[in-house]
Amino acid sequence: GQNIDQPTEMTATEGAIVQINCTYQTSGFNGLFWYQQHAGEAPTFLSYNVLDGLEEKGRFSSFLSRSKGYSYLLLKELQMKDSASYLCAVRDRGSQGNLIFGKGTKLSVKP
Amino acid sequence: NAGVMQNPRHLVRRRGQEARLRCSPMKGHSHVYWYRQLPEEGLKFMVYLQKENIIDESGMPKERFSAEFPKEGPSILRIQQVVRGDSAAYFCASSPGRGTEAFFGQGTRLTVV
């Protein structure tokens, strides 16, 4: 079956670093995506990993280990506007392009 | 370049009525995906379409739900005889090709009363 797990909620302090983990079990693998979603708004693309390793993009970095079925999203220098849900999604190898989403991690950034 | 446009943003229907949700993909995108998001749940894939073709409808309920993406005009997700359990946010995403990054619209929040 298809299963993607990530913590339901996390809290962090402004200026700090936070790591949001995601583990997945899918019948195949063809890429992992991270999206940010503010309440009532559209998910916006953050990162894409298809090979093992770290992808860095400004304050955000994403890591993938395919052998462990594991990814994390690292957010540095947290800002209040980073308070949002972070969605981990996997594209199954056999899929036509659609994504399998986790339930999302709701991050609250405190002053 | 306008993003993915969905309308209406909010839709209220009584039980038994029909709901029509529209999605205009980004310019140059010919691939459209529909997802449903229930409160406190993740996004669930419903259907994947290209112009005039349904590519994958494995996530669509077998009854009452249908989708189309005509040669001209937006993609339409149609829900007939709505029930309270259909209340959710429905998101559309588009991409320029299969397997490429998908961009999401703002969603349509359907409330069935």
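When chain B is treated as a GNM with alpha-carbon contacts under 10 Å, the residue of B:Glu72, B:Glu52, B:Glu101 showing the greatest mean-square fluctuation is B:Glu72.
Rounded to the nearest Hz, the phi-derived 3J(HN,Hα) couplings of the range A:99-111 under the Karplus curve 6.51 cos²θ - 1.76 cosθ + 1.60 (θ = phi - 60°) are 10, 9, 9, x, 7, x, 10, 8, 9, 10, 9, 9, x, where x marks glycine and proline. Using only the Cα atoms of the range A:28-111, build the gyration tensor, take square roots of its eigenvalues as a ≥ b ≥ c, and label the shape rounded, prolate or oblate: rounded if a/c is under 1.5, else prolate if a/b is larger than b/c, else oblate. The shape class here is oblate. Kirkwood's formula applied to the C-alpha pairs of the range B:44-113 gives a hydrodynamic radius of 13.2 angstrom. Each of A:Asn49, A:Pro111, A:Ile100 was scored by the projection of its Cα onto the charge dipole of chain A, and the greatest displacement toward the positive side belongs to A:Ile100; charges sit on the C-beta of Lys, Arg, Asp and Glu. Counting Lys and Arg as +1 and Asp and Glu as -1 over every other residue whose Cβ lies under 12 Å from the Cβ of A:Lys110, the net charge comes to -2.
Relative contact order, whole percent, for the range B:7-104 stands at 35, derived from Cα pairs under 8 Å and 6 or more residues apart. The apolar share of the surface of the protein assembly as shown, taken as the fraction of accessible area on carbon and sulfur atoms (1.4 Å probe, ligands and nucleic acids excluded), comes to 47 percent. Sequence-ordered 3J(HN,Hα) estimates for the range B:50-61 from the Karplus curve with 6.51, -1.76 and 1.60 and θ = phi - 60° stand at 10, 3, 6, 9, 9, 8, 8, 10, 5, x, 8, x Hz, glycine and proline given as x. Could you give the distance between the Cα centres of the range B:36-50 and the range A:62-111, to the whole Å? Using only Cα atoms to place each centre, the spacing works out to 16 Å.
Where does the Debye-calculated log10 I(q)/I(0) of the protein assembly as shown sit at q = 0.08, 0.10, 0.14, 0.16 Å⁻¹, using only Cα point scatterers of equal weight, no solvent? Those come out to -0.29, -0.45, -0.88, -1.11, one per q. For A:Phe29, the residues whose amide H sits under 5 Å from its own are A:Arg93, ignoring neighbours fewer than 5 places away on the same chain, with H placed 1.01 Å from N.
Provide, for q = 0.10, 0.11, 0.23 Å⁻¹, the log10 of I(q)/I(0) from a solvent-free Debye sum over equal Cα point scatterers in the range B:1-107. Result of the Debye calculation: -0.25, -0.30, -1.37. Per residue of B:11-22, other chain Cβ atoms within 10 Å of the residue Cβ number 0 on average.
For the range B:29-76, the gyration tensor built on C-alpha atoms gives a prolate shape. Its axis ratio a/c (a ≥ b ≥ c) is at least 1.5, and a/b is the larger of a/b and b/c.
Leaving ligands and nucleic acids aside, the B/A contact buries around 1600 square angstrom of accessible area in total at a 1.4 Å probe radius.
Amide H of B:Thr111: which non-local residues (sequence gap of 5 or more, or other chain) have their own amide H closer than 5 Å, using H built in the peptide plane? Sorted by chain and number, the residues that satisfy this are B:Leu11, B:Val12, B:Arg13.
Of the listed pairs A:Lys76/B:Lys44; A:Lys76/A:Lys103; A:Lys110/B:Lys44; A:Lys81/B:Lys27; A:Lys68/B:Lys51, which have alpha-carbon separations greater than 26 Å here? Display every interim value, and only then the final one.
Details: A:Lys76/B:Lys44 29 Å; A:Lys76/A:Lys103 23 Å; A:Lys110/B:Lys44 30 Å; A:Lys81/B:Lys27 29 Å; A:Lys68/B:Lys51 38 Å.
Exceeds cut-off: A:Lys76/B:Lys44; A:Lys110/B:Lys44; A:Lys81/B:Lys27; A:Lys68/B:Lys51.
With a ≥ b ≥ c the root eigenvalues of the C-alpha gyration tensor of the range B:10-51, is it rounded (a/c under 1.5), prolate (a/b larger than b/c) or oblate? It is oblate, given that a/c is not under 1.5 and a/b is not larger than b/c.
Kindly work out what percent of the DSSP beta bridges joining two residues of the protein assembly as shown are antiparallel, to the nearest 5. Bridges in the protein assembly as shown are about 90 percent antiparallel. What the Cβ-Cβ distance of A:Val50 and A:Asp5 gives, at R0 = 22 Å and to the nearest 0.05, is a FRET efficiency of 0.65. In the context of the full set of protein chains, residues of the range A:65-111 present 44 Å² of accessible surface per residue (probe radius 1.4 Å, heavy atoms only). Contact order for chain A, expressed relative to its length and based on alpha carbon pairs under 8 Å spaced 6+ residues apart, stands at 37 percent.
The values are calculated or read from the model by the stated rules, or taken from the named source; none is laboratory data. Source: prediction; values computed, not measured. Reconstructed Cβ throughout: ideal geometry from the backbone, glycine too, with neighbour counts over all protein chains shown. When the accessible area is computed, the model is the full protein with side chains, heavy atoms only, and any ligands, DNA or RNA have been set aside. Shrake-Rupley method; radii C 1.70, N 1.55, O 1.52, S 1.80 Å.
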